[in-house]
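These notes concern the structure reproduced below.
The values are calculated or read from the model by the stated rules, or taken from the named source; none is laboratory data. Note that the structure is predicted; figures quoted are calculated from it, not measured. A quick note on method: Cβ atoms are made from the backbone with ideal geometry, for glycine too, and the neighbour counts reach across all protein chains shown.
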Amino acid sequence: MFGLPLGFSAPFVLTALALLPVLWYLLRITPPRPRQVAFPPLKLILDLKPKDETPARTPWWLLVLRLALAALVILAMAGPIWNPLPASEGQRGPLLVVLDDSWAAAPQWDQRVIAINERIASATRDGRPSALLAISDGARDVVLSDSTRATERLRAMKPAPYLPDRMPALQAITKFLTTNKQAEIVWFADGIAGGNARAFAEGLVKAAGDQTVHIVRGSHTPLALGGADNAPGALEVRVLRADASGAGSGQLRAYDLKGLAVGETNFGFALGNETKARFELPIELRNEIARIEIANEHSAGAVTLLDSRWKRRRVGVVSGASADVAQPLLAPSYYLTRALGPFAEVREARPGTRDPIAAILEDQISVLVLADVGVVAGPAHDQLARFIDNGGVLVRFAGTRLAGSSDDLVPVKLRRGGRVLGGSLSWDKPKPLAPFDRDSPFFGLNVSNEVSVTRQVLAEPEVGLAGKTWAALADGTPLVTAARRGKGLVILFHLTADTTWSNLPLSGLFVDMLRRVVALAGESGAAPTGGDQTGANAARAESVSPTRTLDGFGVLGVPPVTAKPIPANYDGPACADYPPGFYGPSDALTAVNTLSRSDKLEAVSFDGLRLDMQALRPSEPVDLRPAMVTAAFLMLLLDGLASIWLAGGFGRNGRRRVARGAAAALAVGFAIAGGLSDIRPASAQASAPAAPEYRATQRDMEAALRTRLAYVITGDRTVDEGSRVGLSTLSRELGRRTSLAPAEPNGVDPARDELVFYPLLYWPIVAGRPQPSVDAVNRIAAFMKQGGTIVFDTRDAMMTRPGGAPTPESVWLRQLLAGVDVPELEPVPRDHVVTKTYYLLENFVGRTTIGQTWIEALAPEQGDPSSRPARAGDSVSPIIITSNDLAAAWAVERNGDALFPLVPGGARQRELAIRGGINLVMYTLTGNYKADQVHVRDLLERLAH
Amino acid sequence: MADARLLDEQELRADGRHELGALDLARRLPSLIVAAKDVAATVMHGVHGRRRAGVGETFWQFRPFTMGEATSRIDWRRSARDDRVYVREREWEAAHTIWIWIDRSPSMAYVSSLAMQPKIDRAITLGLACADLLVRGGERVGVPGLTRALATRNIIERLAEAMTEETRRPGFVPAELPPPHALAPRTQAVILSDLLTDPAQVTQTIHSMSSRGALGHVVMIADPVEETFPFSGHTEFLDVDSSATLRVGEAETFRADYINRLAAHRDAVRTAAMSRGWSFTIHRTDRPASEALLALRMQIEAGHSLGSYREAV
């Protein structure tokens, strides 16, 4: 109706719209209720005749609102339907529905089924029989049926997981059309060109004669996956689409064999109909991936299955040659690494490893390549044997060492010395390779004539040598032999891995051969070779039956009865006989995919054909009646509110009454709105529990505003008082002698207080106190890591005896520092910058003078020590340990009275103690500045020039 | 357009017209009383003597003793200072009686958004404040038909109590005008009302009250809405003390007529007051109460002097 997809189930009700002008007139002369005003002096004017009795007109907006309300009710009564069923077009012949049921139709399958159902229902209403033909039915005859049967048949249909050819169906249609010339043909096309779409369309038009062929196409552009490639670093997946125009994006999901999600990645089309998506995952995870699908694209084409052929294996490479780093092109491991790199993870033993084989076996490898390793002996041999017995694959390359002597880990007995072809002492020319045998795993590889072998090791002729041979020279001498050992395989290339014996390592064939060999690693247990030669051949020749297959929607399930076993090494796309899915036993699955690696998707073009194109209706019919009734009701509420407002209801006079009424109206409105829309639970409740916040105290604010020293409160009153007065004196002296004017020192508790504000923390050790908590120790460690310096003062210089038992204070300190990352310490060297930061000092004295002071060890000196009078590290030492009880020596009251006597005593000692303290503070604040100061003369000279 | 409303029952009950009057008195009257006291305090009571010798407490003058007077009147302390004999005279301080009428009819229970207070609140505030002011000035104050003339210090509480008491009486209907009894000469009457009754009735009341020479002051309290008539559009007017309604299509067309009628009404009342020498004031509730109180006081003072003048004549 009016170009809109709008229809009415009872259109005659719409005639009521003609009454709207009458309503308009009636409404216009019926004004809203007047507002009522109490007015005490009314008596004065009660007898006045109103001059103008005509009431005010209804406001225009209220009129519009009420008319819209009435119109809505009338429209709602007429039963409006959005997207109504298509009307019959006056056709008389039967209806033939041709349905593309390939995987490309799967994403919109439900809509297609609904649309076909509507067509059939519409035809049934007109008394026309209908026929239904699915393309995958092939040349089966088309039968007319009534709507019930057709609907049932339609319901039973499922999209096929492959792309069926349409041509056989055309024959059936042609046959049907010869008997039913009037038939209305509707083709529900999937939109891709594969399966002879164009030819089918042409044939259809021809067969239809003068009847129009209707084509219904989906709005959805089919997406598909065109195979995956386990490249180094990432698993690359080819994403295809039929429509080459415009941008597009989506998501890929990867699952393992059990259906667990392994990873997700996004893809985007810029232009063209092919792009690549990469799963950048660790190799272990990538090897787990068994199924990749496009999210929300439910079709078999949007799924690609991966079997062991896609797995990247870890290959260890050990070379017997002495490592020559300078000439990599001469090393066999170079060729091996390059050849294995594209499809496997190559591990090499670190140079200098004592037992490279054992070391590399630790690495969870599945293939071990030994290049020219003659004899593996000792524990490495046992390990290697166990590795092979447990299913590992050992690949050996010959060389001078192997030619000289070999161990038992070779598939065939070797003749000592080897054979040189085409050498100066030989009649023979270099030999090319013979084509690969059918039984060989290399079968199918293209043997290049350019490959030639000049030298090889020879196998002793013995029984069964032919069965062990995977590749041979043109003269029949085995070139690659293999034997089973335990669950594993031993493979020997009778060549070197470098180019000295042949040019095989330079050819692409080498890569392919290695790829096949590495692929054997996973299935070596399942595919017996070597000794069980006949069995192996039988297994190889045997076809593999389907285990689980995809249906058209891309869901793995039980294989259909029509599925046939695939021949081994089947590498083509899926077809009706071989539906996509996993084939074979569960430990050696073979994947068959809907699209082969080279497939492309193309949209079918119907240009130049006489066809009636229709779009698949995107949505179902929607009954608009409830929405309209709701809207009318809401407008009614609005009208009521407006009437109250016009009657002065929102004024002071009736505020309470109206407020109550309005609240009720709103409540009803919200209840309706709530019923109509899906109110989701508020997500606010999911607020994460807040981390415990650090709250800055007033003290912290002050500490942050001015630099000040700090001491740790030990709990021993004498010591704490000494620390406080000592640091106070030191701060005073700093302010007097230097440009630094620290504020009064703070006493801190590392367990509670924030330490970051203090550059220097003085910590007198009192042995009897309990150790700080783990949390406090962590904070101390963090403080030291962040650049703070802690001066630990054990105050036990008098008690310490060289070589004697550690004092309780030392024990306490050691226990504390056990949880802290303490750098290497050394007694303060004479040339350490801490002795030169302000005063030139020799040692740090306190109440006692004999104690040692320890500081972070500096890097050993380089160059001429005499040229550098001061040395410093890159940063300030986070820890300084002394035993001289520094604070006690500093502690002098303001009136000049010392708190503690000094040993041995004297004003000079107290002065030196203060100087030492000043040096420590300067050291923590300036770092290695003084050490760099010695260069100032050179720098100035350089600047002068 | 201004909003106007009648006080609802709860608010009216708060004035103590019903059973819970006593409780409501505690809730509402205190605020009115405080307001009344506040207003009264702003108007300082001036010298209120008779400016002549007479019975009183304040010293007026010494005058020479004239023969024939009682000797007990001689002020011996003053007479001892010279040879003559003096008599101490005191200023004559006679207390007046003032009757205050506060209209509490339904039409007073009206307030618009333009007003500061309902008319009835304004009337009670003004009345009580006036009473307090007068009692502090040495006068006696009463409510006609309710109390006798009182001169107690807690006059506000007494009058409020009496009014509350009255409202609790069964079958009480608040009267619009005071009972038309003749007041004694030299008393004054203060009528606080919106006077929205028949002017003839007002005239009759004033005439009968003043028949014995009493003076009076009529304060007409009006809501601003009643003066300006700020209504427009389709409006239905409701009377407050009858069920009369008036539905008007275009209220604004009524404004001029109404204002004419109001002016005529006021003129009638004014004439009635002036004819007996009574003062007439119009007080709007959007003006502060103190303004009306000050005017009222000045007029009461003038009434005093007028009374004295009459007496002298």
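Structural remarks
- Residues (crowded, with 20+ Cβ neighbours inside 10 Å, among the polar types (S, T, N, Q) and in contact with a helix residue (DSSP H, G or I) (Cβ under 8 Å, 6 or more places away or on another chain)) located in the range A:896-945: A:919
- Taking the numbered list (1) out of contact with any Asp or Glu (no Cβ under 6 Å at 6 or more places or on another chain); (2) at pLDDT below 85 in turn, residue B:66 passes all entries but (2).
- Single match in B:248, B:240, B:219, B:202 (criterion: of a type in the set (A, V, I, L, M), closer than 30 Å to residue A:33 by Cα and touching a Leu at 6+ places or on another chain (Cβ under 7 Å)): B:240
- Being within 14 Å of chain B (Cβ to nearest Cβ), at pLDDT below 80 and surrounded by 14 or more Cβ atoms within 10 Å (Cβ to Cβ) holds for only one residue in A:40, A:34, and it is A:34.
- Selection status of residue A:96, assigned to a strand (DSSP E or B), surrounded by 16 or more Cβ atoms within 10 Å (Cβ to Cβ) and modelled with pLDDT of 80 or more: yes
- When residues of the range A:129-148 are limited to those that are surrounded by 13 or more Cβ atoms within 10 Å (Cβ to Cβ) and assigned to a helix (DSSP H, G or I), the one farthest from the chain's Cα centre (by Cα): A:147
- Residues of the range B:237-269 that are facing chain A (nearest Cβ under 8 Å) and part of a helix (DSSP H, G or I): B:253, B:254, B:257, B:258, B:261, B:262, B:265.
- Residue A:101 meets all of the listed conditions (1) touching a Pro at 6+ places or on another chain (Cβ under 7 Å); (2) under 30 Å from residue A:14 (Cα atoms); (3) outside any helix (DSSP H, G or I) but one, namely (2).
- For the range A:814-836, residues that are closer than 16 Å to residue A:763 by Cβ and of a type outside the set (S, T, N, Q) total 8.
- Strands (runs of 3 or more DSSP E) (entirely within the range B:85-187) containing at least 1 residues that are under 16 Å from the mean Cα position of the chain (by Cα) and in contact (Cβ under 8 Å) with a residue 12 or more places away in the chain: B:97-102, B:140-142
- Of all residues in the range A:239-260, those that are touching a Pro at 6+ places or on another chain (Cβ under 8 Å) and among the aromatic types (Phe, Trp, Tyr) total 0.
- Scanning the range B:227-236 for residues that are in contact with a strand residue (DSSP E or B) (Cβ under 8 Å, 6 or more places away or on another chain) and more than 8 Å from chain A (Cβ to nearest Cβ) turns up just one, B:227.
- Qualifying residue in the range A:328-350 (condition: under 22 Å from residue A:108 (Cβ atoms), touching a residue at least 12 places away in the same chain (Cβ under 8 Å) and surrounded by fewer than 19 Cβ atoms within 10 Å (Cβ to Cβ)): no
- Complete set of residues in the range B:129-146 that are within 20 Å of residue B:108 (Cβ to Cβ) and touching a strand residue (DSSP E or B) at 6+ places or on another chain (Cβ under 8 Å): B:130, B:131, B:143, B:144
- Pairs are defined by a Cβ separation below 8 Å, a sequence spacing of at least 6 or placement on different chains, a first member in the range A:150-162 that is in contact (Cβ under 8 Å) with a residue 24 or more places away in the chain and part of a helix (DSSP H, G or I), and a second member that is among the basic types (Lys, Arg) and surrounded by 15 or more Cβ atoms within 10 Å (Cβ to Cβ); no pair meets this definition.
- Tallying residues that are of a type in the set (Asp, Glu) and either touching a Phe, Trp or Tyr at 6+ places or on another chain (Cβ under 6 Å) or modelled with pLDDT of 80 or more (or both) within the range A:305-343 yields 1.
- Selection within the range A:43-67 - at the interface with chain B (Cβ under 7 Å from one of its Cβ atoms) and either modelled with pLDDT under 70 or farther than 26 Å from residue B:112 by Cα (or both): A:50, A:51, A:52, A:53, A:54, A:55, A:56
- Residue B:280 under 25 Å from residue B:117 (Cβ atoms), of a type in the set (Phe, Trp, Tyr) and in a loop (DSSP other than H, G, I, E, B): no
- Residue match in the range B:198-215 (condition: within 18 Å of residue B:264 (Cβ to Cβ) and within 11 Å of chain A (Cβ to nearest Cβ)): yes
Here is a yes/no grid of residues against (1) of a type in the set (Phe, Trp, Tyr); (2) not in a loop (DSSP other than H, G, I, E, B):
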residue: A:781; (1), (2): no, yes
residue: A:801; (1), (2): no, no
residue: A:805; (1), (2): no, no
residue: A:839; (1), (2): yes, no
